[in-house]
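Read the structure below first, then the notes.
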Amino acid sequence: MSAAPDHDSSDLPLGPGVVVLAQHACGLLALGKPEGVLSHPNKPGESTRALLVADYSEEHQSYTLPRAPGAKPRRVWLLHRLDSATSGVILVATVESVAEAVRAAFETRSVRKRYVAVVLGHPREKRALWRDHMQVRAEGGSVRAASRGGLAAESAMRLLRLVPGPPALAAIELEPHTGRTHQLRFQCSRRQLPILGDQNYGNFRLNRELARRFGTDRLFLHARHVACDFALASGARLRFEAEAPLPNEFRPFVCASPKRR
């Protein structure tokens, strides 16, 4: 559905490579974030490589867009985050009440997210429900997850394609049921299925070898699809869906080669 004029996305100061994937007239948008782009700037000088090239308020979890002198400030609310190394769909809202409604949907698990990952190794099952406990802590300015205590983490895994080795690889779909920091990366690594290119939990030797072979050292984790059911303040119930095309780097692993005749 096209956006209403008050919620036009045509003048959003999109970050490098960021595109509008879908938008709703209520003011909800899905943006496609490339690998390496920040969900929001963390410190001064980072806005030029963030989702939107604009000032960001951590308190309000929103961007303030540049406006003409004397004009009313215009804000865009960030509704969830992706690691800078992860590409894919990310939701924003141009209306505060819509932002609150979608955030409430996240709290009640009414938002479904599906990721595609390329992992080192072959899963033992075609489908599995992964349940873990994980603890997230800061280490020297970076984030690190561990398995000691912490909060419950749950994800559904579905095998998409096995890639014969050496080394053996697999393309899998992951649907997180909880939203812990580094959850998918941690859960894959815990099962000896580290995500290709993971600099935190991966196989560093094989990462270097495969980066030379495939010409990229990116993290092979992509937020492919988001579906959200939420209620507006008026009581109207809406469903919003968006999908981000697979990056070209994923296609040799996810898409089977055509059979030779």
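The values are calculated or read from the model by the stated rules, or taken from the named source; none is laboratory data. All values derive from a computational prediction rather than experimental measurement. So basically every Cβ, Gly included, is an ideal-geometry build from the backbone, and we count neighbours across all protein chains shown. With ligands, DNA and RNA removed, areas are computed over all heavy atoms of the protein, side chains included. Shrake-Rupley method; radii C 1.70, N 1.55, O 1.52, S 1.80 Å.
Odds and ends about this structure:
- About its Cα centre, the dipole of the chain is roughly 1240 debye, where the only charges are +1 on Lys and Arg Cβ and -1 on Asp and Glu Cβ.
- Mean residue ellipticity at 222 nm, helices only, the chain: -3500 deg cm²/dmol; runs of at least 4 DSSP H residues each add -39,500 (n - 2.57), and the sum is divided by the number of residues.
- Cβ-based net charge around ASN207, under 12 Å, with every Lys or Arg adding one and every Asp or Glu removing one: +2
- Rg and Dmax of the range 77-211, based on Cα coordinates, read 15.9, 52 Å.
- Surface share of carbon and sulfur [accessible, 1.4 angstrom probe, percent] for the range 151-260: 50
- Calculated P(r) tail over 19 Å for the range 165-260, as whole % of Cα pairs: 54
- Sequence-distant aspartates and glutamates (8 or more away, or on other chains) whose Cα lies within less than 14 Å of LYS33: ASP83, GLU243
- Radius of gyration over Kirkwood radius for the chain, both on Cα atoms: the Rg/Rh ratio is 0.98.
- Rounded to the nearest 10 degrees, the angle from helix 204-214 to the longest Cα principal axis of the chain is 80 degrees.
- Annotation for LEU160 and ARG239: the two label points, set 7 Å from Cα along the Cα-Cβ direction, are 2.3 nm apart.
- With every protein chain in place, the range 74-142: carbon and sulfur % of accessible area (1.4 Å): 43
- Whole-number accessible area per residue in Å² for the chain, which is evaluated in the context of all protein chains at 1.4 Å: 52
- On Cα atoms only, tilt of 96-107 relative to the major axis of the chain in degrees: 30
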